[in-house]
Amino acid sequence: HMPHVSNRKVSKLPMITHEGQTRYIANARKGTSVIYKYFDLQTTNKITLKARGKGIVNILIQGVSQGSIEFNSDTWCQRELTLRKGSLHNVLSFKILEGSLDLLDFQLYSNESQI
């Protein structure tokens, strides 16, 4: 289980929270970065991100932008982005460029197979 800070939303603070058994990052606003270490991305060529809200998130590998995804939905929706080939030990980051989003999950793919 993902640890979480609260079971309710606090208006302007990014936080890990939940609705029932669904845990997610809430209130990720412009300037918020969510960083994951370390991934083997040598064969990864696609990422999907599930979020809700209105905003734009930039996806970075080792601090290098792979592109941005826009969301505009009050319900969870999934978007995808093609990635450039990474290396063995990579830092994967999501940076909110505009708006406010709740981030539910992401999946990495190698030649259309989920990793």
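Since every read-out is calculated from the coordinates, none of them should be taken as a lab result. Values in this document were obtained by computation on a predicted structure and should not be read as measured data. Please note: Cβ atoms are built from the backbone with ideal geometry, for glycine as well, and neighbour counts cover all protein chains shown.
For segment 49-61, backbone phi angles converted through the Karplus equation (6.51, -1.76, 1.60; θ = phi - 60°) give residue-by-residue couplings of 10, 10, 8, 9, x, 10, x, 10, 10, 9, 9, 10, 10 Hz, Gly and Pro being listed as x. In this label model, Trp76 and Glu19 are separated by 0.9 nm, measuring between points 7 Å along each Cα→Cβ vector.
Both radii are taken from the alpha-carbon atoms of the chain; with Rh as the Kirkwood radius, Rg/Rh is 0.96. Computed on the Cα atoms alone, the convex hull of segment 19-86 gives a volume of 106 cubic angstrom per residue.
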